[in-house]
Structures are given as structure tokens and as C-alpha cells.
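Below is one structure, written out as C-alpha cells, with a few remarks after it.
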Amino acid sequence: MCGEPWNARAVAEDIGFTSLNTQDIWKDHPEKVCAFKGEFADKNPKTVKAVLKALHEASVWLDNLDNRPEQCAIVSATTYINCDKDIILGRMQGKYDFGDGRKKDDPNYMIFSERNCNYPQPKYAKWFLSQYRRWGMVEGAPDYEGIAKQVMRPDIYEEAMKEIGYKHGGLNNDPEKLFDGMTFDPADPEKYATGFPVHSMKG
């Protein structure tokens with residue numbers, strides 16, 4: 001599994017196909033991350049907030065589909081993605097050619113600011129921790145609440161958005177159901193992590 005445009009490029013060059021979109025695995029799943037070391041964030045709060053504000057502005061611009069051809073032309077350069085702009089654009093518009101005869105216009109195309117997707121939801125950190133637990137990357141149950149609180153920092157995001165007058169959607173602790181039928185409840189991540197018959201847990 002990889003991100004775009006490499007799936008689309010494999011199809012365009014007739015060397016591969018796409019089995020499944022990540023949106024079909026987990027709708028509006030967490031993806032890319034804007035991260036700072038805690039020490040840097042503590043010493044440079046204005047810089048961190050300035051980056052979050054710029055990221056928000058760029059995300060709003062990107063969610064206007066009329067701007068996506070320009071965006072694809074920019075990132076297609078050899079100094080960035082180094083890929084034909086039209087290969088990038090198709091999937092940015094939700095136009096999918098899976099390379100095996102299937103084609104569709106996906107209403108759940110990539111988003112950058114819509115549906116509150118930039119809010120640093122602690123539940124996503126808990127989900128990742130549940131996977132570290134399930135696959136033996138940590139020994140014993142991790143401190144789900146403590147680590148999520150330390151890493152996600154919605155307080156910084158909320159302060160930055162308040163300064164530019166942006167009303168975000170806020171905290172969301174709703175359970176998430178993935179394509180395998182299992183429901184992740186952020187209120188009990190350990191139950192989820194230990195509820196799979198296939199695992200390599202330690203401790």
C-alpha cells in the first residue's frame with residue numbers, strides 16, 4: 001500500500017493496479033501528519049502556530065477542486081514529486097482507474113480541510129498505539145490516554161485557529177468502524193488491541 005500518485009502512475013505505466021482505496025478501508029482515516037518535537041513547540045509557540053495557520057490556509061485552498069489543476073502542476077516538478085501532472089490530478093479529483101477494468105468517480109476524494117480533518121484527534125493516536133500493542137511493537141498495554149494527550153496537542157491547534165477566527169469542529173470521540181467489521185472505541189483501545197485472533201502481542 002502506498003500513497004498517490006504512485007498507484008495511479010503504476011496504472012498509467014501498465015505495471016500495476018489498485019486493489020482498494022484507503023477510503024474504502026477506513027473512511028476519513030488519519031493520514032499525513034504535521035509534527036514538532038515537544039521541546040521545539042514549547043520554545044517556539046509562535047512559530048508552531050504560524051505553521052498551523054499556514055497549513056489551514058493551504059488546506060482550504062486545496063479543497064476547492066478548481067485549484068487542484070494548479071496544485072498538481074506545482075507538485076509535479078522534478079524538485080517535488082517528479083510525475084506527470086495529469087497522473088496526479090485524476091485521483092485528486094476522485095477519478096479512479098484501478099487498472100484492472102474498474103473505474104469510478106469517488107465521492108470520498110482526498111480532502112485537506114473539510115470534515116474537521118485537520119483537528120488533532122487524540123483517538124487517532126490511540127488507534128496507532130493499539131496497533132503497536134497488537135503487533136508487539138510495545139510490551140504490555142501502553143499509556144493510551146497519556147501518550148495521546150502528550151502527542152496530539154489539540155490545545156495548540158485550537159489556540160491557533162481561534163487567532164484567525166476559524167471555527168473548527170472540535171474533539172470527536174466517536175467509535176470508528178473499519179472495513180474488517182471491527183469497531184475501534186477510543187474509550188477502550190486496549191479491548192480493541194487485544195480483540196484480534198491474529199496478533200503478536202508481548203506482555
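The values are calculated or read from the model by the stated rules, or taken from the named source; none is laboratory data. Since this is a predicted model, take the numbers as computed values, not measurements. Neighbour counts run over all protein chains shown; Cβ positions are idealised from the backbone, glycine included. Heads up: the accessible areas ignore ligands, DNA and RNA and are worked out on the full protein's heavy atoms, side chains in. Shrake-Rupley method; radii C 1.70, N 1.55, O 1.52, S 1.80 Å.
Answer with one residue from F98, L129, F17: the one whose Cα lies farthest towards the positive end of the charge dipole of the chain, charges on Cβ with Lys, Arg +1 and Asp, Glu -1.
In the chain, that residue is L129.
Using θ = phi - 60° and the Karplus form 6.51 cos²θ - 1.76 cosθ + 1.60, what ³J(HN,Hα) does each residue of the stretch 62-76 get, whole Hz, x for Gly and Pro?
5, 6, 8, 4, 5, 8, 5, x, 5, 4, 5, 5, 5, 7, 6
First compute the accessible area of the chain with a 1.4 Å probe, then give the percent of it belonging to carbon and sulfur atoms. Walk me through the numbers on the way to the answer.
On the way: 6800 of 12510 Å².
The computed percentage sits at 54.
To the nearest 20 debye, what is the magnitude of the charge dipole of the chain about its Cα centre, counting +1 on the Cβ of each Lys and Arg and -1 on the Cβ of each Asp and Glu?
On the way: 27 positive and 32 negative charges, 69 e Å.
It works out to roughly 340 debye.
Determine the sum of side-chain charges near I147: Lys and Arg each +1, Asp and Glu each -1, restricted to other residues whose C-beta is under 14 angstrom from that of I147.
+2
Near the amide H of D106, under 5 Å away, which other amide H atoms are found, from residues 5 or more places off or on another chain, if H is placed in the peptide plane?
Result for D106 returns K95, Y96.
Quick one: what are the phi-derived ³J(HN,Hα) couplings along the stretch 10-27, Karplus 6.51/-1.76/1.60 with θ = phi - 60°, whole Hz, x for glycine and proline?
In residue order, the calculated couplings are 4, 5, 4, 8, 6, 10, x, 8, 9, 7, 7, 7, 5, 5, 7, 7, 7, 4 Hz.
Mind listing P(r) for the chain? All alpha-carbon pairs, 10 Å bins, whole percents.
Calculated P(r), rounded to whole percents: 7, 27, 31, 27, 7, 0.
Give me the distance in nm between label points sitting 7 Å out from Cα along the Cα-to-Cβ direction at D106 and D188, one decimal.
Using points 7 Å along Cα→Cβ, the separation is 3.2 nm.
Taking the Cα centre of the stretch 1-128 as the origin and placing charges on Cβ (Lys, Arg +1; Asp, Glu -1), which of C83, F40, V51 is farthest toward the positive end of the dipole?
Ranked along the dipole, the leading option is F40.
Using θ = phi - 60° and the Karplus relation 6.51 cos²θ - 1.76 cosθ + 1.60, list the HN-Hα couplings for the stretch 32-43 in order, rounded to whole Hz, with x at every Gly or Pro.
In residue order, the calculated couplings are 5, 9, 9, 10, 10, 5, x, 4, 5, 4, 5, 7 Hz.
So, in nm, how far is label D155 from label N44 when the simple model puts each one 7 Å beyond its Cα toward the Cβ?
Those two pseudo-labels are separated by 2.1 nm.
Going 7 Å from the Cα of D86 along its beta-carbon direction, which residues of the stretch 1-18 have the amide nitrogen within less than 16 Å of the resulting point?
Under 16 Å, as judged by backbone N against the label point of D86, lie 8-14 of the stretch 1-18.
Solvent-accessible area per residue for the stretch 24-123 at a 1.4 Å probe radius, Å²?
Using a 1.4 Å probe on heavy atoms only, each residue of the stretch 24-123 averages 60 Å².
Just the projected area, averaged over all directions, of the convex hull on the alpha carbon atoms of the stretch 103-179: how many nm²?
Answer in nm², one decimal: 7.3.
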